[in-house]
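Structure, as structure tokens:
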Amino acid sequence: MIVKAILAAKGGNIVSIEPTATLDVAVKTLAEHKIGALLVLGPDRRVIGILSERDIVRVLAERGAQVLEEPVSGVMTRKVVSCRQSDTVAAIMEMMTLGKFRHLPVVEDGKVVGLISIGDIVKRRVQEYETEQEALRDYIKTA
């Protein structure tokens, strides 16, 4: 299975934020969309960072609630690892595990085409296993 198949099932909707937005706005956006990370996009719509729940919790613990008035650019992760639509799920699972992150932008020709989470991968894998199990049951019934 490849990333493109997950995006086809999930859709390419990307929730993003500008680097000048405050953390307070970012927190509200995460809650509103029930997601765990926001892509931080520059004016050319290229990824310049990612802001995760972990980033927010870490900075809140370090600096307190007043940090919520600061811009996302001061807190976001700047070194963003991304994947392509042609990457295998096994490869991106390994990237996520080794890098200890749960969200991975999908980039083609420098432009973001989607965002994959570990939850998306798990959901797809469970669907695969269920389909395979059903096929085996049907095979056994007809054998």
Expressed as a whole-number percentage, the relative contact order of region 11-104 with C-alpha contacts under 8 angstrom and at least six residues apart is 27
Against the 2.2 N^0.38 Å rule of thumb, the C-alpha Rg of the chain sits at a ratio of 1.24
Computed over the chain, protein heavy atoms only, probe 1.4 angstrom, the accessible area per residue in square angstrom equals 61
Straight-line reach check, Lys111, cutoff 23 Å on alpha carbons, 8 or more apart in-chain or any other chain, hits among lysines -> Lys4, Lys10, Lys79
Computed over the chain: longest principal axis from alpha-carbon atoms vs helix 53-63 long axis, angle to nearest 10 degrees, is 30
So for R0 = 25 Å, FRET eff. of Asp138-His33 from the Cβ-Cβ r, to 0.05, ends up at 0.05
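Of all accessible surface on region 1-94 at a 1.4 Å probe, what whole percent is carbon and sulfur?
Its accessible area is 54 percent carbon and sulfur atoms.
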The helix 23-33 Cα axis meets the longest alpha-carbon principal axis of the chain at an angle in degrees, between 0 and 90 and rounded to 10, of 30
The aspartates and glutamates whose Cα lies under 17 Å from the Cα of Lys141, excluding any fewer than 8 residues away in the same chain, are Glu130, Glu132
Taking Cα atoms, the helix 118-142 axis meets the longest principal axis of the chain at an angle in degrees (rounded to 10) of 10
Of Val80, Val25, Val57, the most mobile residue in a GNM of the chain (C-alpha springs, cutoff 10 Å) is Val57
Residues whose modelled amide H sits under 5 Å from the amide H of Gly114, counting only those 5 or more places away in sequence or on another chain, are Val106
Computed ³J(HN,Hα) along region 108-115: with the Karplus parameters 6.51/-1.76/1.60, θ = phi - 60°, integer Hz and x for glycine or proline, the list is 10, 6, x, 10, 6, 10, x, 9
Computed over region 100-139, the relative contact order (Cα-Cα under 8 Å, seq sep at least six) in percent reads 26
Whole-Hz Karplus couplings 3J(HN,Hα) for region 5-18, θ = phi - 60° and coefficients 6.51, -1.76, 1.60, Gly and Pro as x, run 5, 5, 5, 5, 6, 7, x, x, 4, 10, 9, 10, 8, 7
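The values are calculated or read from the model by the stated rules, or taken from the named source; none is laboratory data. All of these numbers come straight from a predicted model, not from anything done at the bench. Virtual Cβ from ideal backbone geometry, glycine too; neighbours counted across all protein chains shown. For accessibility, only protein heavy atoms count, side chains too; no ligands or nucleic acids. Shrake-Rupley method; radii C 1.70, N 1.55, O 1.52, S 1.80 Å.
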